[in-house]
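Asks: Got a structure here, written out as structure tokens. Questions coming.
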């Protein structure tokens, strides 16, 4: 019983760590939950490299679910991650193939967890798709715009700092530059949307 | 309200979003947005864009964290890989040991059961024996010769169980056998395969060449037709197909083989080494080639060595005949040079030969 409790404790710890982007939490997650996923994928005609990719995406699914805010697990984190990995792996297996293989590993799954995992994966894919545009827009922005916007909007640096860092003569110039950069980003972003 | 440039509004909005405005200013911004729907829409758009940027950036940051954590984990995992094998080994060590033990036991027991080791031992003991025989071959030849002599000297005191062999060299009763057969003899009798027995005298002996020339001295002896075989004076070739007929027992025994060496023991040039199964009693028997020429006279064999029988060359016989002083001869020894065995089959040759080959009984 106490083991059960401590498992839940660890799960909460990891979830909190992931919300904060804590490296140690992610490592712990790997240590605890990667081996069964690796085993499952190896047993289903996958390689360890593929298992690594799948698990990485699984963690991203978890991240998206956590950041959506309404994170509530009906099962242990281990079960959830396993179900998500399985779902992702099935997806990869059946990509460009007939779906007959799906039955081979989908048989004895807890349907509640499976539904949850399915929803989470779907959500993750939507977010991924949306954010991909922004990622691409940011990537296409180039320097110094990228850093200016990053410093201002992400790191919440003051315009004075940015002005100093990039060697603008006054903050007005920096502000103008920031505005231009923002316009450029908008252009990229909406172009890729449309 | 003063009109605002786009940039100025965005700057203001940024300050509002970052909550860096004074409470009054804050209120002013909100009321401005409420009053100016186009600006309000622009603000909403800006706000969502910024949020999008922030989410994306967070996500990218997390991805980077994840990447590094994953790499760190897999890096750690790699050195662990051998331990997987080690643990596998630990788990199956006992099974492997048992399997190996069974394999070893079954291999050796199979070898033992199939007699591999006894064969091995036999082979190695044969080998050493062979070596010893090579070292002592002369002694053994002598011992063998002594044995043959003893057989005959023993039989001279008791009933005759053994004899030797001799064969005619001329139609008028000259017979050749080994010297060791007749040495020390009181009297000699020759018996042909039909059972007729004749008394014979020793005409001449040559101990060195181990040859003895006898002459049948018996009134019942009828002169034969010419002997059917000739004497081949030249050396025969190695590997030549040869045969002999002798009397290791009371019946004639045929033996067949080949000429295995052009010299006898220790380079004796007056003898051949032949490979024919011979036994005591074969001594003095003729050695013939396939055309029916006498090429030698069996003299002895090496005990324990296969194919090491020896035959005195015909050349030695001729030399011996030539060295006989004329006064002791009872008529000239005229060797025939007409071979009537030539072109006959082996069995026919033997049929013709048998009349000219005798058991030499020594008393």
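Asks: Quick check on residue B:75: is it within 14 Å of chain A (Cβ to nearest Cβ), in a helix (DSSP H, G or I) and within 60 Å of the chain's Cα centre (by Cα)?
Replies: Criteria met by residue B:75.
Asks: Output the number of the condition that residue A:131 fails; it satisfies all remaining conditions of (1) in the same structural domain as residue A:26 (by TED's automatic domain parsing); (2) assigned to a helix (DSSP H, G or I); (3) modelled with pLDDT under 80.
Replies: (1)
Asks: With the structure loaded, tell me whether residue A:183 is modelled with pLDDT of 75 or more, out of contact with any strand residue (DSSP E or B) (no Cβ under 7 Å at 6 or more places or on another chain), within 30 Å of residue A:79 (Cα to Cα) and surrounded by fewer than 15 Cβ atoms within 10 Å (Cβ to Cβ) or whether it fails that test. Reasoning before the result, please.
Replies: Working: modelled with pLDDT of 75 or more: yes; out of contact with any strand residue (DSSP E or B) (no Cβ under 7 Å at 6 or more places or on another chain): yes; within 30 Å of residue A:79 (Cα to Cα): no; surrounded by fewer than 15 Cβ atoms within 10 Å (Cβ to Cβ): yes.
Against the criterion (modelled with pLDDT of 75 or more, out of contact with any strand residue (DSSP E or B) (no Cβ under 7 Å at 6 or more places or on another chain), within 30 Å of residue A:79 (Cα to Cα) and surrounded by fewer than 15 Cβ atoms within 10 Å (Cβ to Cβ)), residue A:183 does not qualify.
Asks: Now for a separate question. Which condition number in (1) surrounded by 16 or more Cβ atoms within 10 Å (Cβ to Cβ); (2) closer than 25 Å to residue B:58 by Cα; (3) touching a helix residue (DSSP H, G or I) at 6+ places or on another chain (Cβ under 8 Å); (4) without any contact (Cβ under 8 Å) to a residue 60 or more places away in the chain is the one that residue A:24 fails?
Replies: (1)
Asks: If you go through the range A:38-52, how many residues are over 23 Å from the mean Cα position of the chain (by Cα) and exposed (fewer than 13 other Cβ atoms within 10 Å of the Cβ)?
Replies: Number of matching residues: 2.
Asks: Considering only the range A:121-128, I want to know if a residue exists there that is surrounded by 15 or more Cβ atoms within 10 Å (Cβ to Cβ), touching a helix residue (DSSP H, G or I) at 6+ places or on another chain (Cβ under 8 Å), modelled with pLDDT of 75 or more and more than 14 Å from chain B (Cβ to nearest Cβ).
Replies: Scanning the range A:121-128 turns up at least one residue that is surrounded by 15 or more Cβ atoms within 10 Å (Cβ to Cβ), touching a helix residue (DSSP H, G or I) at 6+ places or on another chain (Cβ under 8 Å), modelled with pLDDT of 75 or more and more than 14 Å from chain B (Cβ to nearest Cβ).
Asks: Return the residue satisfying two criteria in turn: it lies in the range B:31-46 and is in contact with a helix residue (DSSP H, G or I) (Cβ under 8 Å, 6 or more places away or on another chain) and surrounded by 14 or more Cβ atoms within 10 Å (Cβ to Cβ), and of such residues it is nearest to the other protein chains (Cβ to nearest Cβ).
Replies: Once the filter is applied, the top-ranked residue is B:46.
Asks: Just to be sure before I move on: is residue A:183 farther than 30 Å from residue A:91 by Cα, within 12 Å of another protein chain (Cβ to nearest Cβ) and in a helix (DSSP H, G or I) in the structure I sent?
Replies: Values: farther than 30 Å from residue A:91 by Cα: yes; within 12 Å of another protein chain (Cβ to nearest Cβ): yes; in a helix (DSSP H, G or I): yes.
Judged against the criteria, residue A:183 is a match.
Asks: Whether any residue in the range B:172-182 is at positive phi, buried (at least 22 other Cβ atoms within 10 Å of the Cβ) and at pLDDT below 90 is what I want to check.
Replies: Yes, the range B:172-182 contains a residue that is at positive phi, buried (at least 22 other Cβ atoms within 10 Å of the Cβ) and at pLDDT below 90.
Asks: Just name the residue that is surrounded by the most Cβ atoms within 10 Å (Cβ to Cβ) out of those in the range A:134-177 that are assigned to a loop (DSSP other than H, G, I, E, B) and facing chain B (nearest Cβ under 9 Å).
Replies: Among residues in the range A:134-177 that are assigned to a loop (DSSP other than H, G, I, E, B) and facing chain B (nearest Cβ under 9 Å), the one surrounded by the most Cβ atoms within 10 Å (Cβ to Cβ) is A:158.
Asks: Among the numbered conditions (1) exposed (fewer than 13 other Cβ atoms within 10 Å of the Cβ); (2) under 30 Å from residue A:49 (Cβ atoms); (3) modelled with pLDDT under 80; (4) within 57 Å of the chain's Cα centre (by Cα), tell me where residue B:89 comes up short.
Replies: Failed condition: (3).
The values are calculated or read from the model by the stated rules, or taken from the named source; none is laboratory data. Treat the numbers as computed from the prediction; the structure is a model and nothing was measured. No Cβ is skipped: glycine too gets one built from the backbone with ideal geometry, and neighbour counts run over all protein chains shown.
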